[in-house]
Amino acid sequence: MLQFSKNKKKNRYFLSFLSISVLFCAFDCSKFRVDDYNPYLYGRIKLGKDLKELQVNIVNRVPTNIPNQIAIASGLMYVPDFEQSLIKVFNTEGELKFLIGNAKEKGVEKLRIHNVKLGRIGLVAVSSSEDVFIQSRISKEDVKQDKAPENIFTKKSGEFRTDAEEALPSVILKINDSGKLVQTIYSDGVGGSVPFGYVERMETGKNDLLFVFHRSNGEMRLSVFDENGKVKRKLDSSDFKDMVHSASDGSTWYIDTILSHSEGDYALASFSFYEAKSGRFKGRKIYRYDWETKRILPIKDIQDPSETLYWVLNDDNFFVWETEAEEGNSVRLQVHDDDGNHVNNIRLNYPPPRGLWRETWMDANDEIYSVRIRSGFLEIHKWK
């Protein structure tokens, strides 16, 4: 009887240990789970010379000056035609619905046109209320500004550029859903006088917010503009100087990016650290900055140079982009919660050849898109 009791006690301990192990594995191993996403065709646009097509240059039988990403809203694709300085708005069937800009070709009288004077077009973003934001170069002369430093550790797999690296002075034009130019936004806001130089990213958020990550006085800054085009907030490396200097330990460091949550309550900033003498990459740190309290919280350390901060989701999770060099035709999005815990992975499987795929980006609804060129069409794919 005594022996039975001992065995029963041992079994109870074993089952308890097994249950704890299963729970631990369920929690800890979840970060190794991978959800495979594949692209499906969302829309495509014919490349050509006709006004109703996306007009491009052909150099050595390769189309150039093609946008790397497309603004999408309400089933419409807002495509910059760099050759004609027009925004061409297509439906998912590739039918041209209307134009933004000054079109001078024959046949335009049969099209719906929002006549707005545009310079050389840069980035394009569309808000949830279908206001269109267009980065417009205000001079056609090649005015050299501060050049963005080249850093191979911040480049994403498949990144492709055709434009010159020199940044031309630009403004951001806000055009409402009726096609009327309602705001001209400078880096110091509507009514300002300081144009943008190098603009790396432009995104819309909740409550008609506009987020612009750009160069200002030699360093990168995130500027937040309200619905009236006024500067609501701004954030750059100087706001993190005490935290970053204490973490640098004699190393040199650079800011990679600053991403705001869509509601504008907080931002995530990524910094890279390098050995001062050798220039060897040491690591990357991600900090959370609370706009109201100005509190800075370190939430993630990254040791692999192929992993970069990529996107802040509406549910407060964030993505880290990881280039999978061994496989070649895929990348991995590491999913982290708001405390920086690695909770899941998403693998994007690009059908070969990989070289046909251009940029991969996300919209305000956390949808993932990519573009590629194939058989004379610009294809927009959505990932699921």
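The values are calculated or read from the model by the stated rules, or taken from the named source; none is laboratory data. Values in this document were obtained by computation on a predicted structure and should not be read as measured data. Because the Cβ atoms are built from the backbone with ideal geometry, glycine has one as well, and the counts that use them run over all protein chains shown. For accessibility, only protein heavy atoms count, side chains too; no ligands or nucleic acids. Shrake-Rupley method; radii C 1.70, N 1.55, O 1.52, S 1.80 Å.
Counting only protein heavy atoms, what percent of the accessible surface of segment 255-369 is carbon or sulfur at a 1.4 Å probe? Roughly 45 percent, rounded to a whole number.
Size check on segment 283-384: the Cα extents along the three principal axes, sorted descending, read 53, 29, 19 Å.
How much net charge surrounds T252 when only other residues with a Cβ under 10 Å from its Cβ are counted (Lys, Arg +1; Asp, Glu -1)?
Result for the neighbourhood of T252: +1.
Between segment 228-252 and segment 49-64, the C-alpha centres lie 42 angstrom from each other.
Of the solvent-accessible surface of segment 164-223, computed with a 1.4 Å probe and all protein chains present, 42% belongs to carbon and sulfur. Probing with 1.4 Å while keeping every protein chain in the model, the per residue accessible area of segment 288-384 equals 42 Å².
Using just the Cα positions, wrap segment 209-264 in a convex hull and report its mean projected area in square nanometres, one decimal place.
Dividing the Cα hull surface by four gives the mean projection, 4.4 nm².
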